[in-house]
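The values are calculated or read from the model by the stated rules, or taken from the named source; none is laboratory data. Here the structure is a predicted model, which is why all the values come from computation and not from measurement. Because the Cβ atoms are built from the backbone with ideal geometry, glycine has one as well, and the counts that use them run over all protein chains shown. Just so you know, the surface numbers come from the protein's heavy atoms only, side chains and all, with ligands and any DNA or RNA stripped out. Shrake-Rupley method; radii C 1.70, N 1.55, O 1.52, S 1.80 Å.
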Amino acid sequence: MSESIRVLLTDDDPVTLKSVQAFLKFKGFEVATAASGKEALNILNTSTPFQVIIADYRMPVMDGILLLKKVSKFYPDMARIIISGQSDSRIFIPSILSGLIDKYIAKPWKKDTMLSDIQNALKRKKAIQNKTWETSELKNDMDSLPGA
């Protein structure tokens with residue numbers, strides 16, 4: 001990887017945190033971990049920007065979807081991934097369709113799939129950013145037309 005991608009990994013299971021963190025670091029990512037949604041938000045507020053957040057769905061106090069809702073509000077350009085051992089992945093469809101979640105990763109996670117899911121989430125986020133920029137530029141161009 002030419003540029004280090006910063007990932008914030010949030011899970012209340014220390015074994016998952018350590019194994020995913022070790023794997024992603026080995027693959028060249030810069031990884032910070034949080035054991036709760038509250039800790040993740042504190043890290044986001046006090047650190048340099050992250051490009052990706054991966055949040056476990058089932059965590060006490062603040063589940064992964066609520067965490068990603070807060071993240072989307074304050075850090076809309078960050079790719080948001082939910083990871084879950086939940087057997088019925090259909091519960092994530094509305095959040096994916098609305099753009100709240102960029103990717104869903106099932107537990108137990110697979111190394112090659114996780115890497116491609118992170119890369120795809122980043123590509124999706126970049127495409128959305130480019131589309132927003134293009135729309136903004138088009139509006140500026142239209143506003144500058146005579147008689148507009």
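Dividing the summed -39500 (n - 2.57) terms of all DSSP H runs of n ≥ 4 by the residue count of the chain sets its mean residue ellipticity at 222 nm at -16000 deg cm²/dmol. The accessible surface of the chain, taken with every protein chain in place and a 1.4 Å probe, is 56 percent carbon and sulfur.
Relative to the current alpha-carbon distance between S47 and A35, full extension at 0.36 nm per residue lengthens the span by 2.7 nm. Computed about its Cα centre, the charge dipole of the chain is approximately 260 debye, with only Lys, Arg, Asp and Glu carrying charge at their Cβ.
Considering the range 70-115 at the alpha-carbon level, its Rg and Dmax are found to be 11.3, 30 Å. With bins 10 Å wide beginning at 0, the percent of Cα pairs of the range 52-132 falling in each bin runs 19, 55, 25, 2.
Backbone amide hydrogens, once placed in the peptide plane, bring A55 within less than 5 Å of T10, I81, I82, I83, excluding anything fewer than 5 places away on its chain. With a simple spin-label model that places each label point 7 Å from the Cα along the Cα-to-Cβ direction, the separation between L100 and N130 comes to 2.8 nm.
Maximal additional length on extending the K69-R90 stretch stands at 5.8 nm, based on 0.36 nm per residue less the C-alpha distance. Here the Kirkwood formula, the inverse mean of 1/r across different C-alpha pairs, assigns the range 1-96 a hydrodynamic radius of 13.5 Å. Averaging the sequence gap over all C-alpha pairs within less than 8 Å and six or more residues apart, then dividing by the number of residues, gives the chain a relative contact order of 18 percent.
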